[in-house]
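S.K.: Here you go, one structure.
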Amino acid sequence: MTTQIMEPARALRVRRILYRTATAAVVAEAAVGGWWDIARVSYVRDIVVHLGYPTYLLVILGVWKMLAAIVLVLPGWPLVKEWAYAGTVFVYTGAIASHLTVRYDRWEVALLSALVLLTVVSWALRPPDRRPAGSGCRITARP
């Protein structure tokens, strides 16, 4: 009887840990990556140029990444959080497509794919207060 009561609490704790870990990774990458983009760090600039994009795109992406990082850590604004999650998925999947198309640093596809996965995990496991009213995704822990 005690194990039945403990299982939902344990599942909730695991879910919370997974959510926080995935979200921390997504926020850290968005914040650091955004800063690198805005600063046009040579490593990032060289990749963007090699992929065939103009360097001013870095500033645009960097600003949006920084805003996404801020929104994902702040309480409230559930609809804006949805946009932030969507934006990060667009950035990562766009980068995957670009790397595969140009056949440049294909090993980075694994890292980018992991970031897509972490973003989806963070989005799917977010607490109810971070979801817009009436959102369809409801992943709950089963007893």
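The values are calculated or read from the model by the stated rules, or taken from the named source; none is laboratory data. Predicted model, so just to flag it, every value in this text is computed and none were measured. Cβ atoms come from the backbone with ideal geometry, glycine included; neighbour counts cover every protein chain shown.
S.K.: Which one is nearest to the chain's Cα centre (by Cα) among residues in region 10-30 that are under 19 Å from Val116 (Cα atoms) and of a type in the set (Val, Ile, Thr)?
M.R.: Val26
S.K.: Hey, another quick one. Taking the condition surrounded by 13 or more Cβ atoms within 10 Å (Cβ to Cβ) and either touching a residue at least 60 places away in the same chain (Cβ under 8 Å) or among the polar types (S, T, N, Q) (or both), does Leu58 pass?
M.R.: So Leu58 does not fit the description; no.
S.K.: Would region 14-30 turn up any residue that is among the small types (Gly, Ala, Ser), crowded, with 16+ Cβ neighbours inside 10 Å and either over 16 Å from Arg126 (Cα atoms) or modelled with pLDDT under 95 (or both)?
M.R.: yes
S.K.: Got a number for residues in region 11-36 being in contact with a Leu (Cβ under 7 Å, 6 or more places away or on another chain) and either within 18 Å of Gly87 (Cα to Cα) or outside any helix (DSSP H, G or I) (or both)?
M.R.: The total comes to 6.
S.K.: Can you report the number of residues in region 31-55 which are loosely packed, with under 13 Cβ neighbours inside 10 Å and either under 16 Å from the mean Cα position of the chain (by Cα) or over 20 Å from Phe90 (Cβ atoms) (or both)?
M.R.: Selection size over region 31-55: 4.
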